[in-house]
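Reading through the structure tokens given below for one structure.
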Amino acid sequence: MTSTKISLETGRDWLIGLVTSETFVYVAKRLLQALLTLLLASALSFFIIQLAPGDYVDTLRQNPKISPERIEEIKRQFGLDKSWPEQFGLWLWRILTKGDFGTSFIYQRSVASLLWERVPATLLLAIASLIVTWAIAIPLGIFAAVKQNKPADRILQVISYAGQGFPSFITALALLVLAQITSPFFPVGSMTSINHSELSWFGRILDIGWHMILPTIALSITSFAGLQRITRGELLDVLRQDYIQTARAKGLPENRVIYVHALRNAINPLITLLGFELAGLLNGAFIAEFFFNWPGLGRLALQALQAQDLYLLMASLVMGAVLLIVGNLIADLMLKAADPRIRLENLN
């Protein structure tokens, strides 16, 4: 009896501590803010889409085989015969009550099932690009800061400026030319080979990874160039601080000064950029997916925009906003983990 009472008291204390902890309160607050943000963003997106001339059924009217009666039936089926506030209200109500994002006009399928198929491909490409970007840009930024104004630093600055100056679509086109020259070394189109289903589990992983090489490079070049410059600048600012000079005067090894004392403080602004970096990669993924025929959310949203597939386009935009919010939340929590002195409420 006594042990049961102690367990209950321990569980109660743990629950109270969790509810009142800074991290839990911050995450709950951010999630509530996210719901309001998503509501306003979806309403604004819906209104802007409605400003575009015509709708999905206008393309059907150009087909003489489709009767006017059938067109009116399609309009009633998808709710296009109602005003846009009514359409938005019904769409939002179905999401809140049933989790139903509607039916795609062009695919004649549930929008949720389409997103479930495409979002993992986009996330896979964005996360791979993020890993590649940070794994290369951070060490090179550190190296450039240590070798400030030396030939290696100047070469890296030229590469960085060139990378930022090239638009993403130019980079993608150049990589397509490279793929054509080296064909069939670099596969282009889709994310798997024709015989993908016949491969072993390890072969399937290698097959997807091989198809990811060019789109990942296309997505990473611009991000790498910017991050490398920011890393260099932040580290140079920290290296000029008095406590770094004091550490050197005490005779600490240079590697310890740079990687333990300086980098630990220079990394905080970079972590803050992580959420925005993820959002930028998701936007850039649209271009990479289009050029390399990658079956992700970007291509799906583009097809929905061209066909004026209202509900599919809205769901794609909302999903992009969700990923942006989640990315920023993860960046804030990582910043808190990296530097416990930071209070989360100051990050709003």
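The values are calculated or read from the model by the stated rules, or taken from the named source; none is laboratory data. Small disclaimer: the values here were computed from a predicted structure and weren't measured. Reconstructed Cβ throughout: ideal geometry from the backbone, glycine too, with neighbour counts over all protein chains shown. Calculation scope for accessible area: heavy atoms of the full protein, side chains included, ligands and nucleic acids excluded. Shrake-Rupley method; radii C 1.70, N 1.55, O 1.52, S 1.80 Å.
Brief remarks follow.
- Between the beta carbons of TYR243 and GLN164, assuming R0 = 41 Å, the FRET efficiency works out to 0.80 to the nearest 0.05.
- Residues of the chain: accessible area per residue with a 1.4 Å probe, Å²: 57 Å²
- Positive-end residue, the chain charge dipole about Cα centroid, Cβ charges, pick of SER183, ASN63, GLN77: SER183
- LYS75 contributes an accessible area of around 40 Å² to the protein surface, as traced by a 1.4 Å probe with all chains present.
- Protection proxy ranking of 285-295, 232-242, 198-208 - average other beta-carbon atoms within 10 Å, highest first: 285-295, 232-242, 198-208
- For segment 166-218, the share of accessible area belonging to carbon and sulfur comes to 73 percent (1.4 Å probe, ligands and nucleic acids excluded).
- Derived scalar couplings ³J(HN,Hα) [segment 38-48; Karplus, 6.51 cos²θ - 1.76 cosθ + 1.60; whole Hz; x for Gly, Pro]: 5, 4, 5, 5, 5, 5, 5, 4, 4, 5, 5
- Candidate residues TRP91, TRP84, TRP134: accessible-area rank, largest first, probe 1.4 Å: TRP84, TRP134, TRP91
- Value of D in µm² per second that Stokes-Einstein yields for the chain, Kirkwood Rh from Cα pairs, at 10 °C (1.306 mPa s): 66 µm²/s
- Among LEU39, LEU335, LEU214: highest mean-square fluctuation, GNM of the chain, C-alpha pairs under 10 Å: LEU39
- Heavy-atom accessible area with a 1.4 Å probe sorts SER183, SER316, SER45, largest first, into SER183, SER45, SER316.
- Computed FRET value (nearest 0.05) for PHE47 with LEU178, which takes r as the C-beta separation and R₀ as 45 Å: 0.60
- For the chain, a simple Cβ point-charge model (Lys and Arg +1, Asp and Glu -1, everything else neutral) yields a dipole of about 740 debye relative to the Cα centre.
- Only lysine pairs 8 or more places apart or on separate chains count here, and in the chain those with Cα atoms under 23 Å apart total 5.
- Here the calculated FRET efficiency for THR192 and TYR107, from their Cβ-Cβ distance with R0 = 25 Å, stands at 0.80, rounded to the nearest 0.05.
- Tilt relative to the chain, helix 201-239 - C-alpha long axis, 0 to 90 degrees, to 10: 50 degrees
- Per-residue [θ]222 nm for the chain (sum of -39500 (n - 2.57) over DSSP H runs n ≥ 4, rounded to 500): -26000 deg cm²/dmol
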